[in-house]
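Accompanying notes for the structure given below.
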Amino acid sequence: MNQFYYFFFFVFLFPVLGFSQQYSSQAKHNIDANLDGDGDMDVVGVAYQGDDVVWYQNNGSQSFTKIIIDGNFNTASASYPVDLDGDGDLDIIVSAYDIGDIVWYENNGTQSFTKRTIEGNFSGAISIYPVDLDGDGDVDVLGAATWDDDISWFENNGSESFTERVIDGSLDGAWDVHPVDMDGDGDRCCGYRLV
């Protein structure tokens with residue numbers, strides 16, 4: 001991507017849109033989920049500058065305890081809880097912007113997590129979304145990579161081994177991606193946006 005666009009975005013648009021230096025130390029992307037299976041909604045989040053992947057355990061009265069899953073995941077940019085391995089508990093998919101990783105944290109059922117790599121070369125990984133894109137009954141992962149200018153999906157073979165399938169490899173500054181049935185034919189394709 002043209003360096004001018006990066007300069008323009010970070011120098012001019014961040015202040016105009018109300019972002020500040022504090023943005024990078026705050027949680028970038030939070031998703032609520034019943035992570036511990038106790039019937040109330042917990043919260044999953046990541047911190048870009050802090051390199052943290054965390055979850056906040058809800059005690060049932062909306063009082064939250066912060067629990068660190070990974071305190072050293074460089075430039076964490078997005079998270080999404082989903083039962084990726086189909087074992088009945090929620091795992092967590094996370095992307096890392098600068099290092100270009102998409103990983104998932106496997107939940108052993110007692111909220112002890114093991115990091116597993118989906119893709120280690122997806123430069124500028126900024127957005128992820130779990131979806132069964134090919135309709136085979138397992139969870140695949142959609143991703144947008146700003147520096148690679150890619151919108152891709154990562155096909156799950158059913159054993160949590162993933163293969164990248166590029167949807168668009170020249171989307172300059174790819175920023176966000178979501179599955180959507182735009183043509184109403186019952187299958188999902190991808191909606192995405194640029195910076």
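Go through the residues of region 45-59 one by one and say whether even a single one is in contact with a strand residue (DSSP E or B) (Cβ under 9 Å, 6 or more places away or on another chain), at pLDDT below 95 and among the polar types (S, T, N, Q).
Within region 45-59, not a single residue is in contact with a strand residue (DSSP E or B) (Cβ under 9 Å, 6 or more places away or on another chain), at pLDDT below 95 and among the polar types (S, T, N, Q).
All but one of (1) within 27 Å of residue 118 (Cβ to Cβ); (2) modelled with pLDDT under 95; (3) part of a loop (DSSP other than H, G, I, E, B) hold for residue 9, so report the exception by its number.
Failing condition for residue 9: (3).
Please tell me if residue 108 is out of contact with any strand residue (DSSP E or B) (no Cβ under 8 Å at 6 or more places or on another chain) and of a type outside the set (Ser, Thr, Tyr).
Numbers: out of contact with any strand residue (DSSP E or B) (no Cβ under 8 Å at 6 or more places or on another chain): no; of a type outside the set (Ser, Thr, Tyr): yes.
It is false that residue 108 is out of contact with any strand residue (DSSP E or B) (no Cβ under 8 Å at 6 or more places or on another chain) and of a type outside the set (Ser, Thr, Tyr).
Tell me whether region 112-120 contains one or more residues that are within 25 Å of residue 71 (Cβ to Cβ), among the acidic types (Asp, Glu), modelled with pLDDT of 95 or more and open to solvent by 30 Å² or more (accessible area, probe 1.4 Å). Break it down stepwise before answering.
First, pick out the residues of region 112-120 that are within 25 Å of residue 71 (Cβ to Cβ): 112-120.
Cutting the leftovers down to among the acidic types (Asp, Glu) gives us 119.
Retained after the next criterion (residues that are modelled with pLDDT of 95 or more): 119.
Okay, now just the ones that are also open to solvent by 30 Å² or more (accessible area, probe 1.4 Å), so 119.
Yes, region 112-120 contains at least one residue that is within 25 Å of residue 71 (Cβ to Cβ), among the acidic types (Asp, Glu), modelled with pLDDT of 95 or more and open to solvent by 30 Å² or more (accessible area, probe 1.4 Å).
Among residues belonging to region 88-106 that are within 12 Å of the chain's Cα centre (by Cα) and of a type in the set (Gly, Ala, Ser), point out the one that is nearest to residue 143 (Cα to Cα).
This residue is 95.
Step by step: first the residues of region 125-138, then only those that are open to solvent by less than 30 Å² (accessible area, probe 1.4 Å) and among the hydrophobic types (A, V, I, L, M, F, W, C), then the one that is farthest from residue 76 (Cα to Cα). Which residue is that? Write out each step before concluding.
Initially, region 125-138 is screened for residues open to solvent by less than 30 Å² (accessible area, probe 1.4 Å), giving 125-128, 130-131, 138.
Filter once more, so that each one left must be among the hydrophobic types (A, V, I, L, M, F, W, C): 125-126, 128, 131.
Details: 125: 9, 126: 9, 128: 12, 131: 20 Å.
Going through the qualifying residues, I end up with 131.
All but one of (1) open to solvent by less than 40 Å² (accessible area, probe 1.4 Å); (2) at pLDDT below 95; (3) under 19 Å from residue 162 (Cα atoms); (4) not polar (S, T, N, Q) hold for residue 101; which doesn't?
The failed condition is (2).
Within region 76-89, track down each residue that is over 23 Å from residue 165 (Cα atoms) and either acidic (Asp, Glu) or modelled with pLDDT of 95 or more (or both).
Let us first name the residues in region 76-89 that are over 23 Å from residue 165 (Cα atoms), namely 87-89.
Those that are over 23 Å from residue 165 (Cα atoms) and either acidic (Asp, Glu) or modelled with pLDDT of 95 or more (or both): 87, 89.
Within region 143-176, can you find the residues that are over 19 Å from residue 99 (Cβ atoms) and open to solvent by less than 10 Å² (accessible area, probe 1.4 Å)? Before the answer, list the steps.
The first filter runs over region 143-176 and keeps only residues over 19 Å from residue 99 (Cβ atoms), leaving 151, 153, 155-161, 163, 165-172, 176.
If the condition is that a residue be over 19 Å from residue 99 (Cβ atoms) and open to solvent by less than 10 Å² (accessible area, probe 1.4 Å), then 151, 156 are the ones that fit.
The values are calculated or read from the model by the stated rules, or taken from the named source; none is laboratory data. None of these values were measured; they are calculated from a predicted model. Note: ideal-geometry Cβ built from the backbone for every residue, glycine included; neighbour counts use all protein chains shown. Remember, those area values only see protein heavy atoms, side chains included, never the ligands or the DNA or RNA. Shrake-Rupley method; radii C 1.70, N 1.55, O 1.52, S 1.80 Å.
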